[in-house]
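Coordinate-derived values only; no laboratory data. This one's a predicted model, so the numbers in the text were calculated from it and none came from an experiment. Positions of Cβ are generated from backbone atoms using ideal geometry, with glycine treated the same way; all protein chains shown enter the neighbour counts.
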Amino acid sequence: MINPFTDEYFMKKALQEAEMAFDKGEIPVGAIIVVADKVIARTHNLTELLNDVTAHAEMQAITSAANFLGGKYLKDCTLYVTLEPCQMCAGALYWSQITKIVFGARDEQRGFMTMGTKLHPKTTVVSGVMANEAADLMIRFFASKRK
Ligand SMILES: [Zn+2]
């Protein structure tokens, strides 16, 4: 039997969140957190609305998932995020001890890989899932801002 709950399946949901951010004039990054194939947090970037540079999608997803689980560690959880996390988010994810991170497009300038930020040794990372769709959204967003 084919498991329908693939990384692409969940990344599509994160992309839907990114599109919601786009429609609000926020940098289009979306994130969801999944445990046992169940979505327990769905968020997007809200830095403009909240006037808060820390309001990245991942930061809110971590808080939301911890509230849902009633514990601060995100054991057995997977974060799906459309863009490579920045070093702030990677740092927060470190503290959460999240089990797995799946991200879409690379952020060559501000991503944690470029910055050399370490994740928790318990965390595994998958990159490049629906990267073109995520990157396309970013390109369209910044093109619309330049008009
Ligand atoms: Zn971030």
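Select from the range 97-147 the residues that are aromatic (Phe, Trp, Tyr) and surrounded by 14 or more Cβ atoms within 10 Å (Cβ to Cβ) and list them in ascending order. Quick ask: steps written out before the conclusion?
Initially, the range 97-147 is screened for residues aromatic (Phe, Trp, Tyr), giving 103, 112, 141-142.
If the condition is that a residue be aromatic (Phe, Trp, Tyr) and surrounded by 14 or more Cβ atoms within 10 Å (Cβ to Cβ), then PHE103, PHE112, PHE141 are the ones that fit.
Would you tally the residues in the range 41-90 being more than 14 Å from the ligand (Cβ to nearest atom), touching a residue at least 60 places away in the same chain (Cβ under 8 Å) and among the aliphatic types (A, V, I, L, M)? Give the steps one after another, and end with the answer.
If we filter the range 41-90 for residues that are more than 14 Å from the ligand (Cβ to nearest atom), which is where we start, we get 41-42, 48-49, 51, 64-78, 80.
From what is left, the residues that are touching a residue at least 60 places away in the same chain (Cβ under 8 Å) are 78, 80.
Of the ones still in play, those that are also among the aliphatic types (A, V, I, L, M) are none.
Counting residues in the range 41-90 that are more than 14 Å from the ligand (Cβ to nearest atom), touching a residue at least 60 places away in the same chain (Cβ under 8 Å) and among the aliphatic types (A, V, I, L, M) gives 0.
Identify all residues within the range 63-122 that are aromatic (Phe, Trp, Tyr) and either touching a Leu at 6+ places or on another chain (Cβ under 7 Å) or in a helix (DSSP H, G or I) (or both); write none if there are none.
Of everything in the range 63-122, those that are aromatic (Phe, Trp, Tyr) and either touching a Leu at 6+ places or on another chain (Cβ under 7 Å) or in a helix (DSSP H, G or I) (or both) turn out to be PHE68, TYR94, TRP95, PHE103, PHE112.
Scan the range 23-32 and tell me whether some residue there is in a helix (DSSP H, G or I) and surrounded by 23 or more Cβ atoms within 10 Å (Cβ to Cβ).
no
Would you confirm whether any residue within the range 6-14 is in contact with a helix residue (DSSP H, G or I) (Cβ under 9 Å, 6 or more places away or on another chain), touching a residue at least 12 places away in the same chain (Cβ under 8 Å) and not small (Gly, Ala, Ser)?
So far as the range 6-14 goes, yes, one or more of its residues are in contact with a helix residue (DSSP H, G or I) (Cβ under 9 Å, 6 or more places away or on another chain), touching a residue at least 12 places away in the same chain (Cβ under 8 Å) and not small (Gly, Ala, Ser).
Of the conditions (1) in contact with a His (Cβ under 9 Å, 6 or more places away or on another chain); (2) among the hydroxyl-bearing types (Ser, Thr, Tyr); (3) not in a loop (DSSP other than H, G, I, E, B), THR47 fails just one. Which one is it?
(3)
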